[in-house]
Each structure stands twice: as C-alpha cells, then as structure tokens.
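One structure is given below, encoded as structure tokens.
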Amino acid sequence: MFVELDPTVQSCPVCQSPEFKRFDAVASDVEGHSCVHIVECGRCHFAWQYPLGRTETESVEHFDRNYRAQGKRLSEYFDPEKKCDIALLEVDFLSQLTLPGKKLLDIGAGAGIFAKVAAERGFCVTALDPALELERIAELPNLQGVRGTMSNLPPDETFDVITMWDVIEHLVTPLAIIDEAKKRLRTGGWLVLETGNYKSADRVQDGARHWMYQLDHRWYFSPESMEKILLDRGFSEVVHADRVLRPGWGGEAHFRGPSRMHFVRELLAHPTRAFTAFSTFSAMKRASGWPRAGVGIFTLAARV
C-alpha cells in the first residue's frame, strides 16, 4: 500500500520503476511563458511535478482571485455558465450510482456551482473549499458551505457520496485526503474523482503545450493509476464514466490510433519537421493501446 505520493522519490510511486523521463512543459494557467518541471515514469507513464510551481498557499490565493474575478477576467475554466453546464452532467453521473442516501460532501467546491446544482437536484450538500465564497452560495436549506478543509468538519460526520471534481491533481498529499474521505463514507458510499487523463491521445498529440500542464497541477493520473490507488487503499469497486463530462463532447473512450494520411500531409507540408512528426505519430500509435485514451478528462467512482 502507498504511504504517500512523494515527488522526490527515486522510483515510480505506482509501479516502482526507476526509469524516469524529465522535461519542461508550458504552464497553461498563467499568461506568458512559464515552465512546469515534469517527471514521468517510463514504464506506466504516471507523472508528477517537481519542483513545484506554486506553494499550497499560493495555489489557494490563485484560485481565490479567479473565483472572485468578473467579466473578461474570467478564464473559460472559471466561467459560471460553463461550470453550471458541467455540473449538470456531473450530477447525472451520480444518478447512475447506487447511493445509500443523498448526503453529499463536495471537496474543492470552488465557487460552489456544482454544490448548488446538486442541492437543487435533491442532495443535502456540504460544499468545502479553502477559497470558497460563502456569500455567493444560494440560500438553500439543504446546502451549507465551509471555507476550509476536512479538519473543519465535525469529526464524526459521514456522507453517502463525496465528490472531488478537478481536485486530486492539486493536492500536496492526495492519498491522505483519499483516506480521510474513505473514513467519512457510510457503508456502500462512493468517492467520485475527476481529473485530466495523462494517458490520453490528446495529451500525447499536444506534447509539452497541453492544457494539463499547470503550475497548480502536482500529479498527472490515468484511469488505470487512479483505479490501482483506490483499490490498494481498500475500496471494493471502481466504476468508470464512459465519456468526458463536458457539454458537446462527442468522442469515444477508445482511441483508434493516429491517421496515417494526416502524418503524410504533415511531412509534405513541413519536411524539416520530419523527426518531430514521426515521434508524435509513433507515440500516438502507442497511445492506441491505452484503455480510455480517447477520454481527455476521466471520471470514476469507488465504493466503500
């Protein structure tokens, strides 16, 4: 069993391979050119950031500023209308699970948009986030907000479902949070996690400029690595969403492989980039053997 994910380790924390690939990627969550330092396992492709681009305090301040931003200062990720559309799909995924009840804890609630949508759909919700805007949470009798961490909750409080949407990749100690969440789940309860899929075809195709590389993203999971982590920590069952929970997504979970015609066109249009084009094509061919490589953002649920 894992002790904790440690970015300073000399072997992969998932498969224990000592074969690492180190490279710099472009941070997509800041303006201008800022690098993210990535360590990637050469065997299982689990990856992490080291050294860290932001401290934990700097990350809280970054999200606090963005959640409070207005109008044109909002990035697409923080757009309330888009977040609401996403929340509807996320609640629909919860409806596919056999839940013991409707009491929900949303860890990393952000601006509280998912929490409000879930409360409107009949859940009794606690929204939890160090940067939560309590004043913007709707006055609903079945919704409460807590600006803080799980240590700020009553010690014996338990839940039927705990959600972490785009949270696990930000945490300094993700396994400790998973363990604490498991303790707070009732028998038959579910922990639901969503994060970017590092073993996805689009991440391979975009290379070092993929959106997933951010100063606040410390860990880069795949559906397989996350499932292994959860089962090793005592969860009894894992269920994967078969799609990306984003409006308009029309892809397939299975990636069929790169287009040879596209590769030929790239060579003809940019013959001086032949080595780069061939390397990308070869990497995409390998990605076609990865489960769920067509899903750029994956969601799974693990039951106690």
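The values are calculated or read from the model by the stated rules, or taken from the named source; none is laboratory data. No experiment lies behind these values; they were computed from the predicted model shown. As a convention, Cβ positions derive from the backbone with ideal geometry for all residues, glycine included, and neighbour counts pool all protein chains shown. Ligands, DNA and RNA are stripped out before the accessible areas are found, and what is left, the full protein with its side chains, is counted by its heavy atoms. Shrake-Rupley method; radii C 1.70, N 1.55, O 1.52, S 1.80 Å.
General remarks:
- Candidate residues VAL264, VAL91: accessible-area rank, largest first, probe 1.4 Å: VAL264, VAL91
- Percent of Cα-Cα distances greater than 15 Å, calculated over the stretch 104-146: 21 percent
- Cα centroid of the stretch 11-79 to Cα centroid of the stretch 178-195, whole Å: 24 Å
- Fluctuation leader among GLU56, GLU157, GLU133 - the chain, Gaussian network, Cα springs under 10 angstrom: GLU157
- Within the accessible area of the stretch 30-117 (1.4 Å probe), percent carbon and sulfur: 50 percent
- √(5λ) per eigenvalue of the Cα gyration tensor, the stretch 169-230, largest first, Å: 26, 13, 8
- Solvent-accessible surface ranking, highest first, for ASP156, ASP6 at 1.4 angstrom: ASP156, ASP6
- Cross-link reach is defined here as a Cα-Cα straight distance under 26 Å, omitting same-chain residues fewer than 8 places apart; for LYS183 the lysines meeting it are LYS102, LYS103, LYS116, LYS228.
- Spin-label model, HIS240/GLU157: points 7 Å from Cα along the beta carbon direction are separated by 3.4 nm.
- Comparing mean-square fluctuations of ARG243, ARG292, ARG265 from a GNM of the chain with C-alpha springs under 10 Å, the top value falls on ARG265.
- For the chain, CYS35, CYS84, CYS124 stand unpaired, since no other cysteine beta carbon lies under 4.7 Å from theirs.
- Most mobile of VAL204, VAL161, VAL125 in a GNM of the chain (Cα contacts under 10 Å): VAL204
- Rounded to the nearest 500, the 222 nm mean residue ellipticity of the chain from helices alone is -8500 deg cm²/dmol, with -39,500 (n - 2.57) taken per DSSP H run of at least 4 residues.
- Here GLU61 sits with roughly 90 square angstrom of accessible surface, probe radius 1.4 Å.
- Under a 5 Å amide H cut-off, with hydrogens placed 1.01 Å from N, PHE159 pairs with LEU185, ARG186 among residues at least 5 apart or on other chains.
- Cα pair count fraction exceeding 18 Å, expressed as % - the stretch 185-304: 59 percent
- FRET efficiency, ARG186 to HIS262 (Cβ-Cβ, R0 35 Å, nearest 0.05): 0.10
- Legend: translational diffusion of the chain by Stokes-Einstein, Rh = Kirkwood radius over C-alpha pairs, 37 °C, 0.692 mPa s; D = 162 µm²/s.
- Pairwise label distance in nanometres, HIS254 with GLN16, each label 7 Å out on the Cα-Cβ vector: 3.3 nm
- Charge dipole (Cα centre; +1 on Lys/Arg Cβ, -1 on Asp/Glu Cβ; no other charges) of the chain amounts to roughly 920 debye.
- Reciprocal mean inverse distance between Cα atoms of the stretch 60-144 - Kirkwood radius, Å: 13.3 Å
- Other-chain or far-sequence residues with amide H under 5 Å of VAL125's (modelled H): LEU104, LEU143, GLN144
- Placing unit charges on each Cβ (+1 for Lys and Arg, -1 for Asp and Glu) gives the stretch 94-142 a dipole about its Cα centre, and among LEU99, LEU140, GLY110 the Cα reaching farthest toward its positive end belongs to LEU99.
- Placing pseudo-labels 7 Å out from each Cα toward the beta carbon at THR272 and TYR50 gives an inter-label distance of 3.8 nm.
- The tail of the calculated P(r) for the stretch 1-159 beyond 19 Å holds 66 percent of all Cα-Cα pairs.
- All-pairs alpha carbon distance profile, the stretch 122-239, 10 Å steps from 0, percent: 11, 39, 32, 16, 2
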